[in-house]
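Asks: Next up is a structure, given as structure tokens.
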Amino acid sequence: MLAMLKKKGKRITMTFGERLRQLREAAGLTQEGLARNANMSLSAISKMELKNIDPSWSTVQRLARALAVGVAAFDTDQAPHAEQMQDGAPRRKKK
């Protein structure tokens, strides 16, 4: 689940863990809060975010419910990179 986005001719990759962190922060949750909402351990959340461990499909579903997002939000191929995010939402392109 790596996303490849172009930025000034370079490619930037986003891992599942990076996307999970973006979604968690956009929801205003700590790792502890997400772990509680998803009925998971804090270490499991931390490992997914920091060690880039890809979770099972059932775990993705639990995380999506805990974050109040659809599972499609975890599609890192469609996710904006952190530099394109502002307050958890994609930045609009200036015209």
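The values are calculated or read from the model by the stated rules, or taken from the named source; none is laboratory data. Not measured: the values here are computed from a predicted model. For neighbour counting, all protein chains shown are included, and Cβ atoms are generated from backbone atoms with ideal geometry for every residue, glycine included.
Asks: What are the pairs, 6+ residues apart or on separate chains, where a residue within region 13-29 that is within 13 Å of ALA73 (Cβ to Cβ) and charged (D, E, K, R) has its Cβ under 9 Å from a residue that is surrounded by fewer than 18 Cβ atoms within 10 Å (Cβ to Cβ) and modelled with pLDDT of 95 or more?
Replies: ARG24/THR30; ARG24/GLY33
Asks: If you go through region 43-95 one residue at a time, how many are at pLDDT 90 or above and either hydroxyl-bearing (Ser, Thr, Tyr) or in a loop (DSSP other than H, G, I, E, B) (or both)?
Replies: Counting residues in region 43-95 that are at pLDDT 90 or above and either hydroxyl-bearing (Ser, Thr, Tyr) or in a loop (DSSP other than H, G, I, E, B) (or both) gives 9.
Asks: Hey, can you tell me all the residues within region 23-37 that are within 12 Å of the chain's Cα centre (by Cα) and among the acidic types (Asp, Glu)?
Replies: Correct list: GLU25 only.
Asks: So GLU32 ticks every box in (1) in a helix (DSSP H, G or I); (2) surrounded by 15 or more Cβ atoms within 10 Å (Cβ to Cβ) but one. Which box is left unticked?
Replies: (2)
Asks: Ok, one more. Among (1) modelled with pLDDT under 95; (2) over 13 Å from the mean Cα position of the chain (by Cα); (3) part of a loop (DSSP other than H, G, I, E, B), which single condition is MET40 missing?
Replies: Exception for MET40: condition (1).
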